[in-house]
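A short worksheet on the structure shown next.
The values are calculated or read from the model by the stated rules, or taken from the named source; none is laboratory data. Every value quoted in this text rests on a predicted model; they were computed, and no experiment measured them. With ideal geometry, Cβ positions are generated from the backbone for all residues, glycine too; neighbour counts draw on all protein chains shown. To get the accessible areas, we keep the full protein, side chains included, count just its heavy atoms, and leave off ligands, DNA and RNA. Shrake-Rupley method; radii C 1.70, N 1.55, O 1.52, S 1.80 Å.
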Amino acid sequence: MPSTLTLFNLCCNSIMGTVVHKLPSFKFLNPTSSSSHYCSTTTTTRTSKTFRAGSRRRSFSISASASAVREDNPALGSLSLGHITRPDFPILHQEVNGSRLVYLDNAATSQKPTAVLNALQNYYEAYNSNVHRGIHYLSARATDEYELARKKVAAFINASDSGEIVFTKNATEAINLVAYSWGMSNLKPEDEVILTIAEHHSAIVPWQLVAQKTGAILKFASLNQDEAPDVDKLRQLFSRKTKIVVVHHVSNTLASVLPIEEIVLWAHDVGAKVLVDACQSVPHMVVNVQSLNVDFLVASSHKMCGPTGVGFLYGKSELLSAMPPFLGGGEMISDVFLDHSTYAEPPSRFEAGTPAIGEAIGLGAAIDYLSRLGMQKIHDYEIELAKYLYESLLSVPNIHVYGPAPSENVDRAALCSFNVENIHPTDIATFLDQQHGVAIRSGHHCAQPLHRHLGVNASARASLHFYNTKEDVDDFIQALNDTVNFFNSFK
Amino acid sequence: MPPKLQEIVKLFQSVQEPKAKYEQLLFYGKNLKPLETQFKTKDNKVEGCVSQVWVRAYLDSDNNVVFEADSDSVLTKGLAALLVNGLSGRPVNEVIRVSPDFAVLLGLQQSLTPSRNNGFLNMLRLMQKKALQLAVEAEKGENSGLKMDGSVENGNFGSNSDLGVEETPVGVTNSGLKVDSRDGNVNVELDSEVGGERNRVQSSNSGGLGSRGTRIKEKLESELSPVAIEVEDISYQHAGHAGVRGSDGETHFNVKVVSKEFEGKSLVKRHRLVYGLLQEELQSGLHALSIVAKTPSEVNGS
């Protein structure tokens, strides 16, 4: 215990410049948010906001914790990844509606570290120029950096060649690319496309559109009783008619993780391709396309600490080579005549027009940042944070958290979609924002079929990233309890 | 701005603390008269809301527009209640002139976000749109003799010209008035406002069923090819109760159908068949159906 106190004092001294002594002697590890989670008549204002250092604002007090709180979890302590990286994200250090911003909407989009912002700014200040065709110095440099970013993406997901990375606007566009380019030329009437009901709309709608045109049929695997996609049922849907399987890696609502390696094995057994929506996995864990052996994989930059406006499609080179163009224009051609044109090799074949050059370079910088931290380290931290979030949420009365419970065999992503009985999620999200500065999301999270299956119109969702801390979760839970009490008092 | 709305704005301005504003909002919402399920239709749904919001509008006897609303989110319900309390009972042209800027004065930040989830603006717009629609229909109704809630019409008397407007009972809610026209179809509608003096009688022969009655008849005719069919509008028997007021009066029907389609089907199945064919009507204001479904052999034999 003395060592803990020392540690805390050290932190305090270096971070805060003062030392806290008004702490009772029971065990604690790190500064937490004001008042206990279990104080149901707590006011909405935070007490003890007396320690400020620089741009960081924190409130101090003790959380009177039950067994749910992992007090002795060093992973969540004051030297956690969250605490270490927070200074890199200037946007997090602000007040919203009079309270410290607690940003818990990372599944919707992530925040960007200064390194990425600098890379973007530097691009425009130093060498902005159009890529690939230019002769002059600036354009050569821009091209180099742009293609270097492509290599970084390839290395990040362990693609065998950077030519297997196609830059798109975002993951949605990447899925559309596969649907139109690969789907239109490979799907015939009665061919089957297998998905789960938990897919994001961007993984469903493009295939609906293509199925309408080609006569293919979409089939959906439902959930099991743990509220995770039923992998057995999914496998049972595979047959000789299956041409492609389109599934998420990590669900943005259920927080469940699909066993992609096995799914790919089963799919390849019946001669089907696999497209993985990795939007919620690539930013949070190691994703190795060669060991997963997927045929296609998509992700968005803005969810992995990169800028908006760029995303990518990974496709095995033999697949991409056989695919016709998606969008037509400059860059993707070889020769253009009046009556026909010839097309470039992939990836250029699928990159029509001037790309989001600065943004791609920004994505490269984000990948550098993430790699320096280490994806495994990020993943390990987020698993702990995920468990803490899940368990803390369960302490709220009348709450239902969707998706499987975390356990020895079941990892959950660091997000929780939930509903509190008799309170509309929008009311919760609004009050959390207005009265507590806590940012979560309410709605169907682009997964209407899933919500329909769960029997609700909407749910609230809190989603974390490696720069969130245990205090963020504590603040959220306290605010949530306050919110629930407010609305319950009106029944 | 309508006076009631001004009052509401003043009230909110006098409440400084944001939390107290929310409490006030919730209080309004709690006291809002709930909307009946039959009015929670697609037509009445406010678009672009993350929560579900419905708004219903009808004209009262003074041709003022009356609003009812509901939502599954209590904050949105509060906002809806604000609008209902502030705008209900006012003339149409006053309602449609209300500018959404007053929302700023309320000091409720959440009503101001310009995102597509701004239910408040959309609610107001829908209310104004409906008010306008009602006004337009009312004008049309007076011109062409169509039925309209609250208006007296004196056209459309078929062969029963002895039924003049003057002869109709006034202010009666449960009188039965039946007129048999030539071909055995009974179509009469007596709709009287509770306590009011307006009355509307439309006696008609087979061509004179109201629009819903006609639709019902046509649907059943085309789907069941009946040997005999009778569609009777008995809404007058239910006039005055909440479900009827505000709709165009066609809420309760007796339906008698003789058709081969019923052969081999149990009573329950026959009723289900008829209900199934009239789903659209049931979802848009048709309150109740009383069904007699027989096969030709049953009718002949008995």
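Go through (1) aliphatic (A, V, I, L, M); (2) within 14 Å of chain A (Cβ to nearest Cβ); (3) open to solvent by less than 10 Å² (accessible area, probe 1.4 Å) for B:Ala69 and report which single condition fails.
Going through the list (1) aliphatic (A, V, I, L, M); (2) within 14 Å of chain A (Cβ to nearest Cβ); (3) open to solvent by less than 10 Å² (accessible area, probe 1.4 Å), B:Ala69 breaks only (2).
Only one of B:Val55, B:Val50, B:Val74 is out of contact with any Cys (no Cβ under 9 Å at 6 or more places or on another chain), open to solvent by less than 60 Å² (accessible area, probe 1.4 Å), more than 14 Å from every other protein chain (Cβ to nearest Cβ) and in contact (Cβ under 8 Å) with a residue 40 or more places away in the chain. Can you tell me which? Break it down into steps so the answer makes sense when it comes.
Working: B:Val50 fails: more than 14 Å from every other protein chain (Cβ to nearest Cβ); B:Val74 fails: more than 14 Å from every other protein chain (Cβ to nearest Cβ).
Just a single option satisfies the conditions, and that option is B:Val55.
Consider A:Asn481 carefully, then state whether it is open to solvent by 10 Å² or more (accessible area, probe 1.4 Å), modelled with pLDDT under 95 and not β-branched (Val, Ile, Thr).
On the way: open to solvent by 10 Å² or more (accessible area, probe 1.4 Å): yes; modelled with pLDDT under 95: no; not β-branched (Val, Ile, Thr): yes.
Answer is no for this residue.
Say whether the condition of being over 26 Å from A:Ser80 (Cα atoms), within 11 Å of chain B (Cβ to nearest Cβ), outside any helix (DSSP H, G or I) and not aromatic (Phe, Trp, Tyr) is met by at least one residue in segment A:461-483.
Let us first name the residues in segment A:461-483 that are over 26 Å from A:Ser80 (Cα atoms), namely A:482-483.
Those still in the list that are within 11 Å of chain B (Cβ to nearest Cβ) too: A:482-483.
After this cut, where a residue has to be outside any helix (DSSP H, G or I) as well, the list is none.
Among the residues of segment A:461-483, not one is over 26 Å from A:Ser80 (Cα atoms), within 11 Å of chain B (Cβ to nearest Cβ), outside any helix (DSSP H, G or I) and not aromatic (Phe, Trp, Tyr), which makes the answer no.
Checking the condition within 28 Å of A:Gly374 (Cβ to Cβ) and out of contact with any Cys (no Cβ under 6 Å at 6 or more places or on another chain), which residue from A:Ala458, A:Ala462, A:Ala414, A:Ala429 passes?
A:Ala414
Filtering segment B:96-120 down to residues that are more than 14 Å from chain A (Cβ to nearest Cβ) and in contact with a Gly (Cβ under 9 Å, 6 or more places away or on another chain), which residue is modelled with the lowest pLDDT?
Initial filter on segment B:96-120 (more than 14 Å from chain A (Cβ to nearest Cβ)): B:96-105, B:114.
Next, from what is left, pick out any that are in contact with a Gly (Cβ under 9 Å, 6 or more places away or on another chain): B:98, B:102.
Numbers: B:Val98: 89, B:Phe102: 78.
Per the criteria, the residue is B:Phe102.
So, in segment A:268-277, of the ones that are free of Cβ contacts under 8 Å to residues at least 60 places away in the same chain and open to solvent by less than 10 Å² (accessible area, probe 1.4 Å), which residue ends up nearest to A:Val410 (Cα to Cα)? Give the derivation first.
At the first step, the residues of segment A:268-277 found to be free of Cβ contacts under 8 Å to residues at least 60 places away in the same chain are A:268-271, A:274, A:276.
Subsequent filtering for residues that are open to solvent by less than 10 Å² (accessible area, probe 1.4 Å) retains A:274, A:276.
Values: A:Val274: 23, A:Val276: 20 Å.
Looking at residues that are free of Cβ contacts under 8 Å to residues at least 60 places away in the same chain and open to solvent by less than 10 Å² (accessible area, probe 1.4 Å), I get A:Val276.
Just the residues that are within 21 Å of A:Glu382 (Cβ to Cβ) and either of a type in the set (Asp, Glu) or part of a helix (DSSP H, G or I) (or both), please, taken from segment A:107-139. Talk me through it step by step, then tell me what you get.
Let us first name the residues in segment A:107-139 that are within 21 Å of A:Glu382 (Cβ to Cβ), namely A:107-113, A:115-116.
Matches in segment A:107-139: A:Ala115, A:Val116.
Mind listing whichever residues of segment A:442-460 are in a loop (DSSP other than H, G, I, E, B) and under 12 Å from A:Asn252 (Cα atoms)? I'd like the intermediate steps shown before the answer.
Pass one, segment A:442-460, residues in a loop (DSSP other than H, G, I, E, B): A:444-447, A:455-458.
Across segment A:442-460, the qualifying residues are A:His444, A:His445, A:Cys446, A:Ala447.
Considering only segment A:285-302, I want to know if a residue exists there that is under 15 Å from A:Ala155 (Cα atoms), in contact with a Ser or Thr (Cβ under 7 Å, 6 or more places away or on another chain) and either free of Cβ contacts under 8 Å to residues at least 12 places away in the same chain or outside any helix (DSSP H, G or I) (or both).
Within segment A:285-302, one or more residues are under 15 Å from A:Ala155 (Cα atoms), in contact with a Ser or Thr (Cβ under 7 Å, 6 or more places away or on another chain) and either free of Cβ contacts under 8 Å to residues at least 12 places away in the same chain or outside any helix (DSSP H, G or I) (or both).
Name every residue in segment A:223-266 that is touching a residue at least 40 places away in the same chain (Cβ under 8 Å), over 20 Å from A:Met285 (Cβ atoms) and either assigned to a helix (DSSP H, G or I) or of a type outside the set (A, V, I, L, M) (or both), in order of residue number.
A:Asp226, A:Glu227, A:Leu234, A:Leu237, A:Phe238, A:Ser239, A:Lys241, A:Thr242, A:Lys243
Does segment A:397-420 contain any residue that is within 13 Å of chain B (Cβ to nearest Cβ) and under 25 Å from B:Gly78 (Cα atoms)?
If we filter segment A:397-420 for residues that are within 13 Å of chain B (Cβ to nearest Cβ), which is where we start, we get A:419-420.
Next, from what is left, pick out any that are under 25 Å from B:Gly78 (Cα atoms): A:419-420.
Yes: one or more hits.
Based on this model, can you work out whether A:Lys151 counts as of a type in the set (D, E, K, R), in a helix (DSSP H, G or I) and either under 15 Å from A:Phe296 (Cβ atoms) or in contact with a Ser or Thr (Cβ under 8 Å, 6 or more places away or on another chain) (or both)?
Numbers: of a type in the set (D, E, K, R): yes; in a helix (DSSP H, G or I): yes; either under 15 Å from A:Phe296 (Cβ atoms) or in contact with a Ser or Thr (Cβ under 8 Å, 6 or more places away or on another chain) (or both): yes.
Against the criterion (of a type in the set (D, E, K, R), in a helix (DSSP H, G or I) and either under 15 Å from A:Phe296 (Cβ atoms) or in contact with a Ser or Thr (Cβ under 8 Å, 6 or more places away or on another chain) (or both)), A:Lys151 qualifies.
For segment A:425-457, name all the residues that are within 8 Å of chain B (Cβ to nearest Cβ) and among the β-branched types (Val, Ile, Thr).
Selection gives A:Thr426, A:Thr430.
With the checklist (1) open to solvent by 60 Å² or more (accessible area, probe 1.4 Å); (2) assigned to a helix (DSSP H, G or I) in hand, flag the one item A:Ser160 doesn't pass.
(2)
Can you tell me which of B:Asn44, B:Asn85, B:Asn63, B:Asn93 is at pLDDT 90 or above, more than 14 Å from chain A (Cβ to nearest Cβ) and open to solvent by 40 Å² or more (accessible area, probe 1.4 Å)?
Details: B:Asn44 fails: open to solvent by 40 Å² or more (accessible area, probe 1.4 Å); B:Asn63 fails: at pLDDT 90 or above; B:Asn93 fails: at pLDDT 90 or above.
Just a single option satisfies the conditions, and that option is B:Asn85.
Output the residues belonging to segment A:123-146 that are acidic (Asp, Glu) and surrounded by 17 or more Cβ atoms within 10 Å (Cβ to Cβ). Steps first, answer last, please.
First pass over segment A:123-146, keeping only residues acidic (Asp, Glu): A:125, A:144-145.
A:Glu145 - this is the single residue of segment A:123-146 that is acidic (Asp, Glu) and surrounded by 17 or more Cβ atoms within 10 Å (Cβ to Cβ).
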